[in-house]
Amino acid sequence: MAARVLNVNVGVLGHIDSGKTALARALSTTGSTAAFDRAPQSRARGITLDLGFSCLRTALPPQLGPGPGELQFTLVDCPGHASLIRTIIGGAQIIDLMMLVIDVTKGMQTQSAECLVIGQIACEKMVVVLNKIDLLPEGKRQSAIEKMTKKMQKTLENTKFSGCPIVPVAAKPGGPEAPESENPLGVSELIEVLKSQAYLPSRDPSGHFLMAVDHCFSIKGQGTVMTGTILSGSVSLGDNVEIPALKVTKKVKSMQMFHTPVTYAMQGDRVGVCVTQFDPKLLERGLICTPDSLHTIHAAIISLKKIQYFRGALQTKAKFHITVGHETVMGRVMFFSPAPADFNEEIQENVFDFEKDYLYQEEYLSKDSVSSEENKENDQAGEVQLPKQQWALLEFEKPVTCPKLCLVIGSKLDTDIHANTCRLAFHGVLLQGMEDKNYTETFLPKLKVYKQKHKEGQVERVMDDYSVIGRSLFKKETNIQIFVGLKVKLSTGEDGIIDGGFGQSGKFKIRIPDGLKPETKMLLTAASKKKSKGGKGDMTKGDESSKNDSAQAVTISLIFKRYVFDTQKKMIQS
């Protein structure tokens, strides 16, 4: 029986020019078709433009079980160029362990920070590699490494990677032009650290097959090969697989893992799948899957968290670059939270309840966001109350193909790449996709997101013990008829009901079922007497009387809610 091979995917992430590709090359024993900047434009520009893959095989360490076997690290070399962050986000979703490569002479840089953010979202373990130690003068090398190690430990203190290993190396002493005979420094120590950090990632061969394809090329007389990492399920020779982007189904003719033919591969494996011929230019990257298992969606509901390093508010109606699976598209967001009474309720994970009411939010609520009106009312203790969970409706500019419950990242990739700021804004989980193109009519009315409305007016005068005339609640052109029957409250405590319009200027009649209190009646009678007196005197007196009038005025409060997606725009009072 062949020895067991355990595959662990290691992401090599970091700022541009920190030496990631050189490190991957120094570590790997077998390059795949995608490895080491093979793309002509990558070589010409001297930077990694796409995910490169290669592997390193070593004996299975004792913590990973008894018996003979090999541990295979698949090294995913992610581009560090800021404009290629889309590719990194795609790559991070297939990573079990991350190496954050830092240029020891420069320390943390903008993209190192962004890679750290992606790692916190998508990865469980990390090793920091301080590269280019050959550039430090030998006499001061050790103290410079210790200083940078302390700095990195401080940076990682409040992240989930606090206390992770930090390893100094020189992947390519002398730089890219140096002769190949120069031996890398610290790489064998790094391999030992990687072995100590390796764990058995949870792998599940059941469920639908889904693979993230990152390269596609044809082999004459054989077919077209798609290489990538299996995100879920498994695949065997002879299986049919669908390429949703092209709407075609193909048969698997042969498979390879790092130049070794195989008949079966499962979740977490890095594999090349050869199928019957099609033009590889049509699928540079994307997804392949069990036929009919993926959905193409136009909009989605996601649960989300703001990324703490993103500066600025997350506003409803704003546009973000939304990365879903391996696609990045523009999308518009609308944020909403539980109703205020449910802010502290435990929310079931990865499930969205369409039976509940949700409160529309102008922006994602966070400690630094301006608290909504509702919060101010809840805010007796002087501390803004935040809900345990928040959601967003995402509306995509063009449809995306993705599995359910996949990772979603929202970013502002149009921010100046030289600005020292994190462009990743939020991350979340896709809970519900909308496949119907006409989702605004067929689907959104089921989503019970409401806006709380609060209007204020004043009592103009008393008609009798059970009715008053109000003003300033509606505009002159408002159709008051649609508000008839709604409950209002007077600032003096009485409950009333809007009875209908009064005259043409937006005034209206309020019925007070329990009658006006005697003191309210006195207050209103006094105010209207003052008003009529003020009218007879000169203008300045008139002004003063209106000031007094407003001081004694009785206000009318109308509170109702309206569901954002209700086509009839009904007003609802509890």
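Only one of these is in contact with a strand residue (DSSP E or B) (Cβ under 9 Å, 6 or more places away or on another chain), at pLDDT below 90 and open to solvent by less than 20 Å² (accessible area, probe 1.4 Å): Gly268, Gly272. Name it.
Within the list Gly268, Gly272, the selection yields Gly268.
Can you say whether Ile230 is within 29 Å of the chain's Cα centre (by Cα) and open to solvent by less than 60 Å² (accessible area, probe 1.4 Å), as far as the supplied structure shows?
When the stated conditions are applied, Ile230 passes them.
Among the residues of region 279-310 satisfying the criterion of being over 17 Å from Glu362 (Cα atoms) and among the basic types (Lys, Arg), which is least open to solvent (accessible area, probe 1.4 Å)? Steps first, please.
First pass over region 279-310, keeping only residues over 17 Å from Glu362 (Cα atoms): 279-300, 307-310.
Going one step further and asking which of them are among the basic types (Lys, Arg), we end up with 281, 285.
Numbers: Lys281: 176, Arg285: 71 Å².
Checking each candidate, the answer is Arg285.
For region 15-71, which positions are modelled with pLDDT of 55 or more, open to solvent by 50 Å² or more (accessible area, probe 1.4 Å) and in a helix (DSSP H, G or I)?
Residues satisfying the conditions are Arg25, Pro62, Gln63.
Against the definition (of a type in the set (Phe, Trp, Tyr) and crowded, with 19+ Cβ neighbours inside 10 Å), how does Phe258 come out, yes or no? Give the derivation first.
Working: of a type in the set (Phe, Trp, Tyr): yes; crowded, with 19+ Cβ neighbours inside 10 Å: yes.
Yes: the conditions hold for Phe258.
From the list Asp414, Asp368, Asp353, which residue is farther than 30 Å from Phe502 by Cα, modelled with pLDDT of 90 or more and part of a loop (DSSP other than H, G, I, E, B)?
After applying the criteria, what remains is Asp353.
Being modelled with pLDDT of 95 or more, surrounded by 12 or more Cβ atoms within 10 Å (Cβ to Cβ) and not small (Gly, Ala, Ser) narrows it down to one of Ile480, Ile512, so name that one.
Among Ile480, Ile512, only Ile512 is modelled with pLDDT of 95 or more, surrounded by 12 or more Cβ atoms within 10 Å (Cβ to Cβ) and not small (Gly, Ala, Ser).
Taking Ala212, is it surrounded by 15 or more Cβ atoms within 10 Å (Cβ to Cβ), over 30 Å from Gln256 (Cβ atoms) and of a type in the set (Gly, Ala, Ser)?
no
Out of curiosity, is Ser528 open to solvent by 30 Å² or more (accessible area, probe 1.4 Å), more than 21 Å from Lys453 (Cα to Cα) and modelled with pLDDT under 95?
Answer is yes for this residue.
Which residue is modelled with the lowest pLDDT, if the candidates are limited to region 328-350 and must be surrounded by 18 or more Cβ atoms within 10 Å (Cβ to Cβ) and of a type in the set (Val, Ile, Thr)?
So, considering only residues that are surrounded by 18 or more Cβ atoms within 10 Å (Cβ to Cβ) and of a type in the set (Val, Ile, Thr), the one modelled with the lowest pLDDT is Thr328.
Residues Thr316, Thr263, Thr323: which one is of a type outside the set (Lys, Arg), within 21 Å of Ser232 (Cβ to Cβ) and surrounded by fewer than 18 Cβ atoms within 10 Å (Cβ to Cβ)?
Just a single option satisfies the conditions, and that option is Thr263.
Among (1) surrounded by 19 or more Cβ atoms within 10 Å (Cβ to Cβ); (2) not assigned by the TED database to the domain that holds Leu64, which single condition is Ser202 missing?
Answer for Ser202: the failing condition is (1).
So that you can scan it fast, the table gives a plain yes or no per residue for (1) touching a strand residue (DSSP E or B) at 6+ places or on another chain (Cβ under 9 Å); (2) closer than 30 Å to Leu135 by Cα:
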position	(1), (2)
Gly174	no, yes
Pro179	no, yes
Val187	yes, yes
Leu194	yes, yes
Gln197	yes, yes
Asp204	yes, no
His208	yes, no
Asp214	yes, no
Phe217	yes, no
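Given the criterion of a type in the set (Lys, Arg) and surrounded by 20 or more Cβ atoms within 10 Å (Cβ to Cβ), identify the matching residue among Lys220, Lys250.
Unique residue meeting the criteria: Lys250.
The values are calculated or read from the model by the stated rules, or taken from the named source; none is laboratory data. Values in this document were obtained by computation on a predicted structure and should not be read as measured data. Heads up, the Cβs are rebuilt from the backbone with ideal geometry, glycines too, and the neighbour counts pull from every protein chain shown. These accessible areas exclude ligands, DNA and RNA; they are computed on the full protein's heavy atoms, side chains included. Shrake-Rupley method; radii C 1.70, N 1.55, O 1.52, S 1.80 Å.
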